[in-house]
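One structure is given here, and the rest of the page talks about it.
The values are calculated or read from the model by the stated rules, or taken from the named source; none is laboratory data. Quick caveat, the model's predicted, so the values are computed rather than measured. Virtual Cβ from ideal backbone geometry, glycine too; neighbours counted across all protein chains shown.
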Amino acid sequence: MNIDSLIQWIQSAIIFGTVIMYGCCGEILTEKSGNLNLGIPGTMYLGGIASLAGAFFYENACTQAGIEPNAILCILIAFVCAFGAGALGGLIFSFLTTTLRANQNVTGLTLTIFGAGIANFFGGSLNKLAGGVGQISISSTSEAFRTTVPFLDKMGSFGKLFFSYGFLAYLAVIIAILMAIFLKRSRAGLNLRAVGENPATADAAGINVTKYKYLSTCIGCGIAGLGGLYYVVDFTKGTWANDGTIETLGWLAVALVIFTTWKPLNAIWGSYLFGMLYWMYLYTGLFGFTLTRSFQPIFKMLPYLATMFVLILTSIRKKKENQPPANLGLPYFREER
Amino acid sequence: MEHSSAIRLENVTKTFGSVVANKDICLDIRYGEILSLLGENGSGKTTLMNMLSGIYFPDAGKIYAKDKEVSIRSPKDAYDLNIGMIHQHFKLVDIFTATENVVLGRSAKKKESLKAAAARIREICDQYGFDVDPDQKVYNMSVSQKQTLEIVKVLYHGAEILILDEPTAVLTLQETEKLFKVLRNMREAGKAVVIITHKLNEVLEISDRVSILRRGEYIGTVETKDATELSLTEMMVGKKVSLDIARPQVEKKKPLLEIRDLSIKNDEGHIAIDNVNFYIRGGEILGVAGIAGCGQKELCEAIAGLRKIEGGKMIHQGEDISTMTPKQILAKGISMSFIPEDRLGMGLAPSLSITDNMILKTYSEGKSFFVDRKRGRQEAEKIINDLGVVTPSTETPVRRLSGGNVQKVLLGREIKSGPNVIITAYPVRGLDINSSYLIYDILNEQKKKDVGILFIGEDLDVMLSLCDKIMVLCHGKVMGIVNAENTSKEELGLMMTGAINLTESRATEDKKPGIAKDSYIEEGTK
């Protein structure tokens with residue numbers, strides 16, 4: 001047993017988990033309104049590329065002006081770009097599915113393809129602007145985001161485990177907790193859940209179904225966009241590669257929603273567990289065996305196996321509270337008869 | 001004592017596409033009074049009340065609240081006018097507790113913590129004698145509890161005008177009594193109550209005044225004390241001139257389909273058909289009358305083999321079909337066509353062409369790996385020509401045809417396979433007069449070919465002139481099987497509401513209703 005590699009494993013799991021926790025929390029909020037947004041991977045792509053572009057142009061401008069980029073401005077620009085781009089993706093989805101009542105599955109998948117296309121196109125352009133493939137780097141922004149709490153991270157293994165991350169890792173946990181409180185305790189949360197369960201009932205109770213669907217989808221997508229931001233500034237440390245990893249993470253976020261049975265608090269440990277499972281192939285040494293390269297991909301599917309296991313379990317137990325929102329994926333039209 | 005007006009409707013009209021659901025309706029709802037809204041199914045009662053609760057918006061006409069003109073554009077507007085509606089299909093979120101359901105939405109008026117809300121719910125329950133646990137989840141509640149919760153909900157939000165859409169449809173007799181006590185309490189408290197129903201005895205028992213609708217039109221309002229079941233039935237069903245539908249006389253044959261002691265449960269697990277006996281002979285049309293939801297759908301599905309039966313026998317020419325698969329039953333020559341409310345729900349695949357729908361039941365007989373469309377196309381053309389289906393081509397998706405044409409295609413397909421028993425439910429639902437008569441002609445054509453027909457209908461006039469015999473269902477029980485020539489609309493109406501039961505009064509030692517003298521079952525065939 002090697003304690004250092006165990007810590008390393010947990011650290012990488014937390015970084016991995018943070019990306020999908022954003023995506024998962026955003027999707028939980030969206031799905032609670034009855035909107036099944038399969039465009040989460042695309043939304044994360046949009047958030048990622050928008051923050052990269054924003055930070056890149058700001059840093060470029062600073063370099064040309066000969067001044068040091070301001071850390072707070074770096075954070076602010078990237079953050080706003082990621083959230084805004086994500087929310088914009090949500091707006092497209094809401095308009096198509098809620099206003100025009102297009103099929104949610106098709107719209108979501110299209111949004112994923114759209115997001116990936118946009119992101120990879122501009123990713124390539126940005127790389128070209130920066131001087132060639134793999135040349136883009138937003139080092140100042142990435143560093144600002146990865147700033148850890150002084151002193152605390154020096155506290156040995158404990159510090160490494162809990163305090164070696166940038167503020168976005170903690171923000172994800174805070175968002176998950178706040179969302180749990182919002183959904184469970186607040187009046188608006190109750191109304192939102194009613195919209196997802198039974199929009200006709202919510203409508204008859206005087207709740208503006210369209211407003212709730214739009215807002216929860218746009219904010220949810222904004223949060224998912226932050227997952228893209230975290231991916232760019234921390235996971236890849238401020239670079240861009242057209243390798244489709246964001247999409248993999250996006251689908252894992254959607255799977256995680258099912259794993260958590262639509263409860264944000266479960267997303268906290270669930271996302272870290274997914275991280276542990278995903279990286280397991282690198283750390284099988286801890287269990288006394290190593291994998292050949294050809295066997296590694298099999299271990300990468302462990303998170304999906306876990307999701308399937310949860311699906312089977314909740315289906316057998318049939319507990320009403322663990323089921324998806326009853327109206328998930330269905331359009332609502334008041335005068336339908 | 002004259003009561004002040006709560007809501008007044010003037011010439012309110014609402015159409016859905018080409019269907020007029022409400023036409024020039026005038027209504028006066030007063031405080032301290034219970035008003036019954038009476039009418040057959042599809043007469044527009046629910047549509048009218050949905051306009052008051054903000055679900056639909058009227059196309060024309062005016063609505064006054066306390067003699068001031070108002071516009072109700074959304075459910076929220078209705079709440080602001082203190083209108084509370086208890087829908088036929090409960091508007092409750094299953095996974096929420098009672099309290100959560102009550103406080104849902106409408107935050108504009110009050111903001112209370114869940115605890116305070118629960119306390120107030122208990123208060124209301126004590127006041128009116130309700131039995132609701134504020135912390136109970138809705139999915140654990142019985143139907144009657146859910147309905148009570150709906151009433152608590154509207155009272156909690158201070159409703160002054162309560163509209164109940166067929167509240168007794170799902171209740172037992174005792175639960176109904178309890179509900180009526182509550183409604184009387186509310187009347188004493190000065191609230192305006194509107195109860196939508198088509199049960200005459202309840203109307204006479206509970207209401208002060210009765211307003212009657214027929215086919216979306218306003219017929220009139222009468223004081224309950226001046227009304228009788230008969231006078232109300234007349235207004236509800238209308239004294240329209242009897243339609244001239246041919247009823248060819250065909251020589252009676254042996255019973256084709258015999259139903260003995262049949263019991264069926266509905267989707268909710270309640271008894272839908274209760275110990276029913278009847279038989280159909282060749283060359284005979286047996287009508288089934290009854291208020292919607294009296295087990296007609298379950299009966300059709302059971303005969304077609306789509307629904308499990310709880311007990312009893314279904315004998316087709318001496319052979320038990322109750323354990324057969326739908327395909328085997330079809331092969332026996334029993335065909336079923338059911339036209340549900342949305343008219344496309346059962347029997348046809350809306351996105352497929354007429355040709356494809358023609359071969360839907362028979363394609364599996366083909367020997368080739370590929371589907372034989374040629375025959376289907378010929379059949380489609382034949383039906384289009386014979387029945388006068390208006391369509392651009394045989395390849396047009398059925399969903400794009402108008403209602404009447406869809407029904408012709410469905411019936412045409414059922415007939416082309418040469419069945420000996422046709423089960424048809426609401427075949428003229430929503431059709432104009434000409435298409436309706438075409439359908440009657442088709443059925444009579446089949447009758448002359450010695451086919452036994454079970455005709456589940458809505459319009460008593462039509463059934464009286466088309467059918468040979470009429471069986472009346474009320475809450476899944478047979479109220480009687482009468483000869484169409486020896487009965488009247490009034491008698492049928494009274495049987496439909498359960499006011500008279502001929503099965504009990506006419507049963508004698510040697511002739512039990514619904515059991516044929518020359519039955520296959522008595523001969524000991526299995």
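Data table
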{"quantity": "Elements of type helices (runs of 4 or more DSSP H) contained in region A:167-228, each with 2 or more residues being touching a Phe, Trp or Tyr at 6+ places or on another chain (Cβ under 8 Å) and within 14 Å of another protein chain (Cβ to nearest Cβ)", "calculated": "A:187-197, A:199-204"}
{"quantity": "Any hit, region B:303-315, residues being touching a strand residue (DSSP E or B) at 6+ places or on another chain (Cβ under 7 Å), within 19 Å of B:PRO427 (Cβ to Cβ) and modelled with pLDDT of 85 or more", "calculated": "yes"}
{"quantity": "Residue that is modelled with the lowest pLDDT [pool: residues in region B:316-339 that are under 25 Å from B:MET479 (Cβ atoms) and surrounded by fewer than 22 Cβ atoms within 10 Å (Cβ to Cβ)]", "calculated": "B:PHE338"}
{"quantity": "Region B:73-106 - residue that is on the phi > 0 side of the Ramachandran plot and touching a residue at least 40 places away in the same chain (Cβ under 8 Å) and, of those, farthest from the other protein chains (Cβ to nearest Cβ)", "calculated": "B:ASN82"}
{"quantity": "Unmet requirement for B:GLU100, which otherwise passes all of (1) at pLDDT below 85; (2) closer than 30 Å to B:ASN140 by Cβ; (3) not hydroxyl-bearing (Ser, Thr, Tyr)", "calculated": "(1)"}
{"quantity": "Condition met for B:GLU150 (within 17 Å of B:ILE163 (Cβ to Cβ) and acidic (Asp, Glu))", "calculated": "yes"}
{"quantity": "Residue count, region B:280-329 (criterion: within 29 Å of B:LEU460 (Cα to Cα) and either more than 24 Å from the chain's Cα centre (by Cα) or part of a helix (DSSP H, G or I) (or both))", "calculated": "17"}
{"quantity": "Meets criteria (within 14 Å of another protein chain (Cβ to nearest Cβ) and either among the acidic types (Asp, Glu) or in contact with a Gly (Cβ under 7 Å, 6 or more places away or on another chain) (or both)) for A:ASP234", "calculated": "no"}
{"quantity": "Count of region B:130-180 residues which are among the acidic types (Asp, Glu) and modelled with pLDDT of 85 or more", "calculated": "5"}
{"quantity": "Residue within region B:107-119 that is at the interface with chain A (Cβ under 7 Å from one of its Cβ atoms), out of contact with any Cys (no Cβ under 7 Å at 6 or more places or on another chain) and surrounded by fewer than 17 Cβ atoms within 10 Å (Cβ to Cβ) present", "calculated": "yes"}
{"quantity": "Of the criteria (1) touching a residue at least 24 places away in the same chain (Cβ under 8 Å); (2) in contact with an Asp or Glu (Cβ under 9 Å, 6 or more places away or on another chain); (3) within 24 Å of A:ILE28 (Cβ to Cβ), which one A:LEU190 fails", "calculated": "(1)"}
{"quantity": "Enumeration of residues in region B:363-413 that are among the acidic types (Asp, Glu) and crowded, with 19+ Cβ neighbours inside 10 Å", "calculated": "B:GLU379"}
{"quantity": "Residue in region B:22-40 that is of a type in the set (Gly, Ala, Ser), within 12 Å of chain A (Cβ to nearest Cβ) and out of contact with any Cys (no Cβ under 9 Å at 6 or more places or on another chain) present", "calculated": "no"}
{"quantity": "Conditions (1) more than 14 Å from chain A (Cβ to nearest Cβ); (2) without any contact (Cβ under 8 Å) to a residue 12 or more places away in the chain; number of the one not met by B:ASN140", "calculated": "(1)"}
{"quantity": "Failed item, numbered, when B:LEU360 is tested on (1) in a loop (DSSP other than H, G, I, E, B); (2) surrounded by fewer than 14 Cβ atoms within 10 Å (Cβ to Cβ)", "calculated": "(2)"}
{"quantity": "Answer residue from region A:284-337, given it is over 30 Å from A:LYS213 (Cβ atoms) and among the charged types (D, E, K, R) and is farthest from the other protein chains (Cβ to nearest Cβ) among those", "calculated": "A:ARG293"}
{"quantity": "Test: B:ILE273 is in contact (Cβ under 8 Å) with a residue 60 or more places away in the chain, in a strand (DSSP E or B), over 25 Å from B:ALA302 (Cα atoms) and aliphatic (A, V, I, L, M)", "calculated": "no"}
